[in-house]
Amino acid sequence: MTTNEDIGKTLAIGDISCEELYDNGDFQFETDEQGYFLIRDGKNILEEYQEGNVTYCDVKENGDIHFETDEQGICLIHDGQNIMEEYQEGKSENAGFTDNGDFFFETEKQGFILISNGVNICSEVFKIKQESAFASGYESERVDIIDFEDDTGFPGYKFVTEGDDTVSLTYEEVAEIAGVSPTETDDKKTTTDEGTGEVVEEAEIQTSSGEHRVVRRDSGQIQVFNLETGEKEVARPILIQFSDENSIEFDRKKANTRVIGKKVLNWVREH
């Protein structure tokens with residue numbers, strides 16, 4: 001039986017590197033001349049979406065395909081569609097899903113954009129928050145930072161504009177703007193007392209700042225807790241500190257908290 005790996009190797013020109021065979025049978029590889037390929041069902045599925053050689057590719061746990069080209073920037077294929085195309089203006093520099101299931105990306109022209117249930121939350125948020133001093137001038141504003149719950153402990157998002165003005169929205173407020181009822185929001189995820197989804201992996205780690213417990217949930221969410229007090233901690237700086245102290249390599253420009261957390265858990269498992 002011919003596999004995706006067999007087919008991929010017949011398409012390659014030159015030496016193959018960055019080979020990865022995913023659990024679903026997808027085969028990913030890179031060549032210097034051609035860039036990245038992702039072979040699924042006997043064909044390179046990136047061809048349908050890419051413009052130019054693919055310089056980075058990753059398949060997410062939910063099946064989404066995350067890739068990058070010099071021409072397009074970052075692209076995200078979800079349910080067979082490049083969901084960037086409807087919203088972005090110019091080359092995208094950052095993209096992904098939040099733990100709440102909303103989608104975000106960044107372009108030089110637009111700043112950050114947050115999409116929930118097909119609604120551009122960043123274009124609506126300041127119309128709702130009229131008490132914000134900069135609300136009336138939002139059309140000329142950029143959102144330069146979106147802080148997520150993992151990084152802030154706030155159950156929602158904090159939007160920071162280029163003028164350093166801040167608006168905070170809870171997940172419930174975002175759902176209301178996006179036209180999603182509380183029941184629909186609840187149906188999307190399973191909540192526990194500490195996070196979103198069931199714990200599928202955890203490990204204890206030691207850094208120069210203390211001892212911590214790293215948790216990965218079936219939603220993909222990564223959390224870090226203080227081992228002594230049990231309190232939730234800001235995950236990303238602790239994961240980066242542990243990675244630095246143990247020479248765990250990753251691309252800081254592209255790696256989000258989930259990626260770093262998985263690398264840390266893999267390192268602990270192997271050591």
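The values are calculated or read from the model by the stated rules, or taken from the named source; none is laboratory data. On a predicted model such as this, the values are computed, not experimentally measured, just so you know. Reconstructed Cβ throughout: ideal geometry from the backbone, glycine too, with neighbour counts over all protein chains shown.
Structure notes:
- The residue of the range 131-185 that is surrounded by the fewest Cβ atoms within 10 Å (Cβ to Cβ), among those that are under 22 Å from Val224 (Cβ atoms), at pLDDT 70 or above and not hydroxyl-bearing (Ser, Thr, Tyr), is Pro155.
- Taken over the range 1-33, the criterion of being within 21 Å of the chain's Cα centre (by Cα), charged (D, E, K, R) and part of a loop (DSSP other than H, G, I, E, B) is satisfied by Asp23, Asp26.
- Flag for Ile16 being outside the structural domain of Arg142 (by TED's automatic domain parsing), modelled with pLDDT of 90 or more and aliphatic (A, V, I, L, M): yes
- Considering each residue of the range 8-27 in turn, at least one proves to be closer than 28 Å to Gly261 by Cβ and in contact with a Leu (Cβ under 8 Å, 6 or more places away or on another chain).
- Members of the range 213-230 found to be at pLDDT below 85 and surrounded by fewer than 16 Cβ atoms within 10 Å (Cβ to Cβ), listed by number: Asp218
- Of everything in the range 42-71 that is assigned to a strand (DSSP E or B) and hydroxyl-bearing (Ser, Thr, Tyr), the residue that is nearest to Asp251 (Cα to Cα) is Tyr56.
- Val268 vs. criteria modelled with pLDDT of 70 or more and farther than 23 Å from His66 by Cβ: yes
- Any hit, the range 34-41, residues being part of a helix (DSSP H, G or I), touching a residue at least 24 places away in the same chain (Cβ under 8 Å) and among the hydrophobic types (A, V, I, L, M, F, W, C): no
- Answer residue from the range 65-89, given it is modelled with pLDDT of 80 or more and within 19 Å of Asn24 (Cα to Cα) and is surrounded by the most Cβ atoms within 10 Å (Cβ to Cβ) among those: Phe67
- Residue count for the range 226-243, restricted to those that are among the small types (Gly, Ala, Ser), within 18 Å of Ile260 (Cα to Cα) and either outside the structural domain of Thr257 (by TED's automatic domain parsing) or part of a loop (DSSP other than H, G, I, E, B) (or both): 0
- From Glu33, Glu48, Glu106, residue being among the charged types (D, E, K, R) and in contact with a Ser or Thr (Cβ under 9 Å, 6 or more places away or on another chain): Glu106
- In the range 256-269, the residues that are assigned to a helix (DSSP H, G or I) form Cβ pairs under 9 Å with partners that are of a type in the set (Lys, Arg) and surrounded by 16 or more Cβ atoms within 10 Å (Cβ to Cβ), at six or more places apart or across chains, as follows: Thr257/Arg236; Arg258/Lys60; Arg258/Arg216; Ile260/Arg236; Gly261/Arg216; Gly261/Arg236; Lys262/Arg216; Leu265/Arg216.
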